[in-house]
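**Q** I have a structure I would like to understand better, so I am pasting it below and will then ask my questions one at a time.
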Amino acid sequence: MKIAVLSTLKNLYSTRRLVEAAHGRGHECVVIDHSKCYVGIKQGLPSIHYNGQDISDIDAIIPRIGASVTFYGSAIVRQFEVMGVISANPSQAITRSRDKLRCMQILSGAGIGMPITGFARSTRDVDDLIKMVGGPPLVIKLLEGTQGIGVVLAETKKAASSVIEAFYGLGNNILIQEYIKESKGTDIRAFVVDGKVVGAMKRTAKEGEFRSNLHRGGSAEIIKLNKAERETAIRAAKELGLTVCGVDMLPSDRGPLVLEVNSSPGLEGIEKATKKDIAAEIISFLEKQYTAITQTKKERKSKGGQKL
């Protein structure tokens, strides 16, 4: 296959590992900056160009779409899909998961456990919003934040009201969530590929910090998921339509609670913690898809050539 990793930074660990894994399994692999791609929309002949060249010969793509370019990146993935190119994640699932509110609404409707979450737009709703999620302490999140950025723990009602009003005053959309004290600064990331958990780690926040993100100085170690955690991760990925993702969960007294589902999860933390070749799992999934599609095409061609 000819595989393209859609990434704006080719030297990132995740990008490099995907290229290495593809080459190691005998495939051609290129890194394409999706923010610099442009599309041609023509009846029966959709196309994508990059650096002045038509790149319609790609067989499969692995989208690594950053939050800041979700709209444009998803449009590029969608164009590849229109052209019949295999994608590690569908464009619709990427946009669905990237919108934290939409993600929570979908998971809630499917009966998947999550922290109680509130969403509003007016400062006059603050008191009832705080009450809705169980009162302080509570967590306030920017709707489009990543890597723990824009996540605040408010320990009192007064602090919560001040932070919420400040975010609203700046025109930001936010979520308010209950604080799960029994998680004690830890969370779990389960890496799901093609409906299976291929690796999992427990992340622990550094001292004095409640966010366990590795980008915030947290540490990671391999963990064996229990049945509920494994099933929750797989169900969350399925409900959102993601075939490659990281599912972040909090351990709680009422079972695992999904915090977020990441359509472009980093590979460095999970590979170093688990010592597993997660990149190869993603390439293997693309191979499976490519083989199935190729076989279907052969069968259709064979049937079309048969004489009646």
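The values are calculated or read from the model by the stated rules, or taken from the named source; none is laboratory data. Only a predicted model underlies this, so the values are computations on that prediction, with no experimental measurement involved. Note that we place each Cβ from the backbone using ideal geometry, even for glycine, and neighbour counts take in every protein chain shown. Surface accessibility is based on the protein's heavy atoms, side chains included, excluding ligands, DNA and RNA. Shrake-Rupley method; radii C 1.70, N 1.55, O 1.52, S 1.80 Å.
**Q** For the stretch 162-183, what are the residues that are surrounded by 13 or more Cβ atoms within 10 Å (Cβ to Cβ) and part of a loop (DSSP other than H, G, I, E, B)?
**A** Asn172, Asn173, Tyr179, Ile180
**Q** Is one or more of the residues making up the stretch 2-24 open to solvent by 10 Å² or more (accessible area, probe 1.4 Å), farther than 22 Å from Gly241 by Cα, touching a Leu at 6+ places or on another chain (Cβ under 8 Å) and not hydroxyl-bearing (Ser, Thr, Tyr)?
**A** Scanning the stretch 2-24, I find at least one residue that is open to solvent by 10 Å² or more (accessible area, probe 1.4 Å), farther than 22 Å from Gly241 by Cα, touching a Leu at 6+ places or on another chain (Cβ under 8 Å) and not hydroxyl-bearing (Ser, Thr, Tyr), so the answer is yes.
**Q** Turning to a different aspect of this structure: For the stretch 25-44, how many residues are open to solvent by 50 Å² or more (accessible area, probe 1.4 Å) and either basic (Lys, Arg) or touching a Ser or Thr at 6+ places or on another chain (Cβ under 9 Å) (or both)? Let's see the steps before the verdict.
**A** The initial filter retains those residues of the stretch 25-44 that are open to solvent by 50 Å² or more (accessible area, probe 1.4 Å), namely 25-26, 28, 35-36, 38-39, 41-44.
Applying the additional criterion that residues be either basic (Lys, Arg) or touching a Ser or Thr at 6+ places or on another chain (Cβ under 9 Å) (or both) yields 25, 35-36, 39, 41-42.
Counting residues in the stretch 25-44 that are open to solvent by 50 Å² or more (accessible area, probe 1.4 Å) and either basic (Lys, Arg) or touching a Ser or Thr at 6+ places or on another chain (Cβ under 9 Å) (or both) gives 6.
**Q** Then there is this: Select from the stretch 36-65 the residues that are in contact with a Cys (Cβ under 8 Å, 6 or more places away or on another chain) and in a loop (DSSP other than H, G, I, E, B) and list them in ascending order. Full working, then the answer.
**A** Just the residues of the stretch 36-65 that are in contact with a Cys (Cβ under 8 Å, 6 or more places away or on another chain), to begin with: 48-50, 55.
Across the stretch 36-65, the qualifying residue is only Ile55.
**Q** Answer yes or no: is there a residue in the stretch 32-44 that is under 18 Å from the mean Cα position of the chain (by Cα) and more than 17 Å from Leu286 (Cα to Cα).
**A** Start the filter on the stretch 32-44 by keeping residues that are under 18 Å from the mean Cα position of the chain (by Cα), which leaves 34.
Filter again for more than 17 Å from Leu286 (Cα to Cα), leaving 34.
Yes; the residues of the stretch 32-44 include at least one that is under 18 Å from the mean Cα position of the chain (by Cα) and more than 17 Å from Leu286 (Cα to Cα).
**Q** I want to confirm something. Restricting to the stretch 267-286 and keeping residues that are open to solvent by 40 Å² or more (accessible area, probe 1.4 Å) and in a helix (DSSP H, G or I), which single residue is farthest from Cys29 (Cα to Cα)?
**A** Checked the stretch 267-286; the qualifying residue farthest from Cys29 (Cα to Cα) is Lys272.
**Q** Given the condition over 30 Å from Thr294 (Cα atoms) and in contact (Cβ under 8 Å) with a residue 12 or more places away in the chain, answer yes or no: does some residue in the stretch 79-89 qualify?
**A** As a first pass, look at the stretch 79-89 and keep what is over 30 Å from Thr294 (Cα atoms): none.
Within the stretch 79-89, not a single residue is over 30 Å from Thr294 (Cα atoms) and in contact (Cβ under 8 Å) with a residue 12 or more places away in the chain.
**Q** Please go through the stretch 73-102 and give me each residue that is under 12 Å from the mean Cα position of the chain (by Cα) and β-branched (Val, Ile, Thr), ordered by number.
**A** Matches in the stretch 73-102: Ile94, Thr95.
**Q** Scan (1) at pLDDT 90 or above; (2) assigned to a helix (DSSP H, G or I); (3) open to solvent by 40 Å² or more (accessible area, probe 1.4 Å); (4) of a type in the set (D, E, K, R) for the single condition Glu229 breaks and write down its number.
**A** So Glu229 meets the others, but not (3).
**Q** Could you check the stretch 239-266 and list, in sequence order, the residues that are of a type in the set (Asp, Glu) and either closer than 24 Å to Val139 by Cα or not in a helix (DSSP H, G or I) (or both)?
**A** Quick first cut of the stretch 239-266, residues of a type in the set (Asp, Glu) only: 239, 248, 253, 260.
Asp248, Asp253, Glu260, listed by residue number.
**Q** Of the conditions (1) touching a residue at least 24 places away in the same chain (Cβ under 8 Å); (2) in contact with a strand residue (DSSP E or B) (Cβ under 9 Å, 6 or more places away or on another chain), Asp128 satisfies every one except a single condition; which number is it?
**A** It fails just one condition, (1).
**Q** Let me spell it out: the conditions are (1) in contact with a strand residue (DSSP E or B) (Cβ under 8 Å, 6 or more places away or on another chain); (2) open to solvent by 20 Å² or more (accessible area, probe 1.4 Å); (3) at pLDDT below 85; (4) not in a helix (DSSP H, G or I), and Gly208 meets all of them except one. Which number is the exception?
**A** That leaves (1) as the condition not met.
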